[in-house]
Amino acid sequence: MTEVLERKGSSKNIWKSVDDDGEVSEVHFVFSDRVSVFDIGPMVVPFTGLGQLRCAIAGKIFKVLESQGFETHYLSHDISTGRMYVKPVNIPALTPPVDYGASAKGIILPVELLCRLALTDKFMSRVERGEIDRQQVERLTTFGDWREGSRLDPPFIECSTKFETADRYLSDSEAVEVIAETLTIPVPFRKTDHDWLIDYCYHDVKHLFRFLYQFFKSSGFLLMDGKVEAALTNLNHIMFVDSISPDELRLIGPDGRSYDKDPVREWYKDTFPDWYAELLSVKAAFPGDNSK
């Protein structure tokens, strides 16, 4: 049995175990102490112990979701080593593609699914710039309550790219096109092209985040928004994959503080304001090109 590093990410490394016949027998994550903010990759300073904490939280959330009937790729986790063992899924959108052969349990969709449960300053700014229809969002609030923290019910769901150099938001029709370019799925219940898959995903994502909202609320935390990744299983079910932790969620604690990556973002903004201003300028000048 040989362990092979499949991919290295900002928050975790993905390993696979290959037997003597070349078959993949196991896939696991090793969560790292690295922190990535502003979509520019890991920052230079690691946070000791963060990998174990990520593993503990993601493992706990996946176990709870499994107990509630949600389908996930989770198998088990070991906090002491920061490892989480998962079901292998193919990633045809990567270059080169990831293909686990007969071991694969499904195909990862080439989009991130974003769920907004409450109005945030960043989301409201996008609405004010006309990127999102304000009337559509106001209908989700209580009596059009337009202020930060107002709950959206039902949640607002949208997609962003997953495997491009830099993330960009997608309209529903663009998301369908991105999925259609990657997947060719013969299913008996398709509507037009891959429209059915967006509807299917959005339904499951709303259900997932409504549960997570109540789950965190029971401990005094307010879930504002989050992102998840999903795979289409061999049985055409939606299976939640990757990780679900404060890296992917925006959480406000009982003390009013952020329990996600926002404190790291704010520290960089406050400590290095000139650097942050230059970063915004360069990102605006070279959208989608993180090499700049």
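Here the stretch 15-103 has 54 percent of its accessible surface on carbon and sulfur atoms, given a 1.4 Å probe and all protein chains in place.
What number comes out for accessible area per residue over the chain if the probe is 1.4 Å? Units Å², please. Can you show the working numbers first?
Working: 15100 Å² over 292 residues.
The answer is 52 Å² per residue.
Compute a Gaussian network model of the chain, connecting alpha carbons closer than 10 Å, and tell me which residue from L235, L170, L119 fluctuates the most. With Cα springs under 10 Å in the chain, the top fluctuation among L235, L170, L119 is at L235. With the charge dipole of the stretch 131-259 set up from +1 on Lys and Arg Cβ and -1 on Asp and Glu Cβ about the Cα centre, the Cα lying farthest toward the positive end among the listed residues T233, Y200, Q214 is that of Q214.
Order of 206-216, 106-116 by packing, highest average Cβ count within 10 Å first? Can you show the working numbers first?
On the way: 206-216: 18.0, 106-116: 23.4.
So the order, starting with the most tightly packed, is 106-116, 206-216.
The string of couplings for the stretch 200-205 from the Karplus curve (6.51, -1.76, 1.60, θ = phi - 60°) is 4, 4, 4, 4, 5, 5 Hz, one whole number per residue in order, with x for Gly and Pro. Exceedance of the 25 Å cut-off in Cα-Cα distance is limited, within the set K60/K261; K16/K206; K12/K261; K105/K217; K60/K269, to K16/K206; K105/K217; K60/K269.
Largest GNM mean-square fluctuation among E158, E266, E174, using the chain with Cα springs under 10 Å: E266. Determine the shape class of the chain: with a ≥ b ≥ c the square roots of the Cα gyration tensor eigenvalues, call it rounded for a/c under 1.5, and otherwise prolate if a/b is greater than b/c, oblate otherwise. Since a/c stays below 1.5, the shape of the chain is classed as rounded. Annotation: peptides 133-145, 53-65, ranked by per-residue average of other Cβ atoms within 10 Å with the highest first, follow the order 53-65, 133-145.
Just S258, S218, S25 to compare: in a GNM of the chain, with alpha carbon springs under 10 Å, which one fluctuates most? Of the options given, S218 has the highest mean-square fluctuation. Annotation for the stretch 233-264 versus the stretch 68-130: alpha-carbon center distance of 10 Å.
The values are calculated or read from the model by the stated rules, or taken from the named source; none is laboratory data. These numbers were taken from a predicted model, which means no experiment stands behind them. So basically every Cβ, Gly included, is an ideal-geometry build from the backbone, and we count neighbours across all protein chains shown. The protein model used for the area step is the full one, side chains on, heavy atoms only, and it has no ligands, DNA or RNA in it. Shrake-Rupley method; radii C 1.70, N 1.55, O 1.52, S 1.80 Å.
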